[in-house]
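**Q** Attaching a single structure in structure tokens format; questions to follow.
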Amino acid sequence: MVEQFGELGVGTKKLGQVMATSPQLLLRKPQEIQQVVVFLKDLGLDEETIGRVLGRCPEIFAAIIEKTLKKKLDFLTTIGVSKSHLPRVIRKYPELFLYDVNRTLLPR
């Protein structure tokens, strides 16, 4: 796992902060984290950006793709964010993957 994060540009100092913020990452299998990395790459993010996302919102890498990440992605496309703009939106606001669609993202 340390090597995986190192490949994304997350140094040992930042890695300690990531683990302190999101200790549930220690319970994930390396393949599960790699699936999230591949998911983000498929959206158009490069490894450096994925590393920055990991530093800002490590909880994303503990998420289940089908239940959480795709649901938020579907919501973003439903409200009009085009697939070509998704990488920029995720790069700027990775926290969107952490919010609850019904309680936080939908207008009241």
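**Q** Can you name the residue in the stretch 53-72 that is under 17 Å from Gly9 (Cα atoms) and either in contact (Cβ under 8 Å) with a residue 40 or more places away in the chain or in contact with a strand residue (DSSP E or B) (Cβ under 6 Å, 6 or more places away or on another chain) (or both) and, of all such residues, is most open to solvent (accessible area, probe 1.4 Å)?
**A** Looking at the filtered set, the residue picked out is Gly55.
**Q** Oh, and also: Restricting the stretch 90-105 to residues that are in a helix (DSSP H, G or I) and among the hydrophobic types (A, V, I, L, M, F, W, C), which is nearest to Thr68 (Cα to Cα)?
**A** Per the stated criteria, the residue is Phe97.
**Q** Between a first residue in the stretch 94-108 that is β-branched (Val, Ile, Thr) and a second residue that is open to solvent by 80 Å² or more (accessible area, probe 1.4 Å) and in a helix (DSSP H, G or I), which pairs have beta carbons less than 8 Å apart while being 6 or more apart in sequence or on different chains?
**A** Note: pairs meeting the criteria are Val101/Lys71.
**Q** Can you name the residue in the stretch 73-89 that is within 26 Å of Lys14 (Cα to Cα) and in contact with a helix residue (DSSP H, G or I) (Cβ under 9 Å, 6 or more places away or on another chain) and, of all such residues, is most open to solvent (accessible area, probe 1.4 Å)?
**A** Val89
**Q** Criterion first (in contact (Cβ under 8 Å) with a residue 40 or more places away in the chain, within 26 Å of Asn102 (Cα to Cα), open to solvent by less than 20 Å² (accessible area, probe 1.4 Å) and out of contact with any Cys (no Cβ under 6 Å at 6 or more places or on another chain)) does Val37 satisfy it?
**A** So Val37 does not fit the description; no.
**Q** Okay, next question. Just one of (1) under 10 Å from the mean Cα position of the chain (by Cα); (2) over 25 Å from Glu3 (Cα atoms) trips up Cys57, so point out which.
**A** For Cys57, the failing item is (2).
**Q** Just to check your reading of the model, which residue among Val89, Val81, Val38, Val101 is of a type outside the set (Gly, Ala, Ser) and closer than 19 Å to Glu3 by Cβ?
**A** Val38
The values are calculated or read from the model by the stated rules, or taken from the named source; none is laboratory data. From a predicted model like this one, the values you see are computed outputs, not experimental measurements. Ideal geometry is used to build each Cβ from the backbone, glycine not excepted, and the neighbour counts take in all protein chains shown. Accessible surface is based on the protein model in full, side chains and every heavy atom, while ligands, DNA and RNA are left aside. Shrake-Rupley method; radii C 1.70, N 1.55, O 1.52, S 1.80 Å.
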